[in-house]
Amino acid sequence: MAADAVSTILYRRASIISLKGEAFDLSENIIEFDYYEDILKQAVTAKIKVMSSFSYVNQLPIRGGEKVEMIIETAFGETVFEGDNALYVYKVSDINTERMVEECTIHLTSLEHFSNQSTRCMKKYNFQGIGEHVEDILKNTLGTKKNIKVEPTANSYTFIGNSKKPFYTLTWLGSKSISQVTDKSGVSGEGKEGLNKGTAGFLCYENYDGYHFRSIDSLVANTQVQDGKSDLEPKFSYTYTGKVIEAAKLKNNVTIMRYNFEKNIDLRGALRVGMYCNQFYYYNTRNNELSLYNYKLKDEIKNATKLGNEESITVNSDFASVPTRTMFRTSDHGTLNPSGALTESQSDSGGDAILAKSVSRINLLFTQALNILVPLNIKLKVGDFIYCEFPLIEGGQSSDVDDQMSGNYVIRELHHHFSPNQNTTSLKLMRDSYGLYGQNQ
């Protein structure tokens with residue numbers, strides 16, 4: 001980090017390769033380059049705004065599927081889109097040729113986005129860890145050659161693909177997965193006394209490093225289960241001073257330029273999705289039994305890892321103790337093992353009730369949404385967690401650190417913007433509780 005991140009940028013390479021295999025240089029014609037990641041999406045996207053006396057659209061020509069390779073040098077190092085990490089054209093927009101030059105925006109995405117449209121999960125997936133199914137789908141169905149980091153799950157599952165698309169199937173499996181770092185899981189009791197225990201929920205997403213399948217519990221703790229390590233230190237620390245940023249100062253590289261809260265409290269929305277309390281009816285078609293499992297997030301999250309220092313969820317007990325959503329599932333015993341006998345389903349022990357836990361945990365993580373704008377930092381990626389510090393405002397002045405707003409946040413969405421002297425990174429951050437530090441710190 002030896003230079004001002006806002007102004008330092010160099011396109012060492014920027015080429016678009018036609019469908020005939022011819023490479024054309026873009027580096028002198030790029031006005032802006034924008035790169036996007038989202039923790040809820042399985043493909044990264046980007047767009048290039050170009051202006052040239054050469055008509056790329058008509059003379060190259062651009063018809064969709066062209067490969068784009070780039071190497072960009074910044075104050076935080078190089079970002080490389082080459083080989084397996086290259087981007088591909090899916091759309092061209094805003095074409096303007098009025099001034100005898102062509103201006104247009106070229107929209108890009110990863111190769112796996114196209115593979116998702118042309119492949120399906122067709123086979124039967126035998127009873128084994130869900131993480132193994134995810135890795136199989138990414139490698140053998142989607143055909144990705146990128147790095148894959150899959151966190152092992154504590155539960156196993158068997159299913160038939162039913163011609164579903166890979167991205168859909170990966171998201172569906174995430175809602176059925178339990179993390180190995182979860183202290184409690186499963187169900188207890190029978191009939192109306194059944195309880196849904198613990199937390200659940202995984203996210204599958206792509207960032208610059210490749211594909212990730214991670215539990216929310218390990219995400220908020222920054223526990224790298226898939227790598228066999230736990231790193232509780234945030235990747236970067238950013239501070240908002242409220243002062244005008246002076247040009248060409250290296251300390252500006254970790255300064256928050258602007259911020260705003262997109263979401264903070266939405267009790268009505270939380271009650272609608274059953275985040276605080278829900279009930280799950282499960283009908284077992286084999287023995288003709290109906291079970292009811294009650295789930296109270298306030299009781300189950302008490303000892304779980306969180307980003308803030310709240311020991312539990314602070315909400316009116318009338319709302320936290322009364323079910324506001326009811327879910328229903330019927331068991332499926334139609335999957336046969338090689339011997340022809342019925343396969344024992346995890347659903348027989350209330351496994352489908354994981355869905356109710358996943359809904360609560362995922363919505364809790366999205367309780368707070370904070371948008372910040374910082375100088376360009378290509379080392380940031382969705383799934384990382386960073387520390388943000390904000391001043392406490394009293395009497396129109398900042399006297400101390402705001403210990404409720406400040407703290408650790410997970411990066412949910414990321415937008416790198418590359419343009420001359422205006423290189424920035426926009427982040428949408430999320431966290432599941434208030435307070436300066438979590439219980440592990």
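Looking at 72, 100, 54, which one has the Cα that reaches farthest to the positive end of the dipole of segment 35-112 (charges on Cβ: Lys, Arg +1; Asp, Glu -1)? Highest projection toward the positive end goes to 100. The alpha carbon radius of gyration of segment 34-123, expressed as a multiple of 2.2 N^0.38 Å, is 1.25.
Just to confirm, what accessible area per residue do you get for segment 134-173 at 1.4 Å probe, in whole Å²?
Numbers: 1840 Å² over 40 residues.
Heavy-atom accessible area per residue stands at 46 Å².
Label separation (residue 132 vs residue 286): 2.0 nm, computed from points 7 Å beyond Cα along the C-beta direction. Once both labels are positioned 7 Å from their Cα atoms along Cα-to-Cβ, the gap between residue 252 and residue 18 label points is 4.2 nm.
Taking label positions 7 Å along the Cα-Cβ direction at both residue 94 and residue 404, the computed distance is 4.0 nm, reported to one decimal. The solvent-accessible area of residue 298, taken with every protein chain present and a 1.4 Å probe, is close to 70 Å².
Given a 1.4 Å probe and heavy atoms of the protein chains only, how would you sort 271, 170, largest accessible area at the top? Before the final figure, lay out the partial values.
Working: 271 40, 170 0 Å².
Final ranking, largest accessible area leading: 271, 170.
Under 19 Å from a point 7 Å along the Cα-to-Cβ line of residue 51: which residues of segment 79-105 have their amide N that close? What the label zone holds, given the 19 Å backbone N cut-off, is 93-105.
Which pairs break 29 Å Cα to Cα here: 139/296; 91/379; 235/296; 139/176; 47/176; 47/124? Show your work: numbers first, answer last.
On the way: 139/296 38 Å; 91/379 27 Å; 235/296 33 Å; 139/176 20 Å; 47/176 34 Å; 47/124 38 Å.
Check vs 29 Å cut-off fails for 139/296; 235/296; 47/176; 47/124.
The values are calculated or read from the model by the stated rules, or taken from the named source; none is laboratory data. Given the structure is predicted, the values throughout are model-derived calculations rather than measurements. Don't worry about glycine lacking a Cβ; one is built from the backbone with ideal geometry, like all the others, and counts go over all protein chains shown. The protein model used for the area step is the full one, side chains on, heavy atoms only, and it has no ligands, DNA or RNA in it. Shrake-Rupley method; radii C 1.70, N 1.55, O 1.52, S 1.80 Å.
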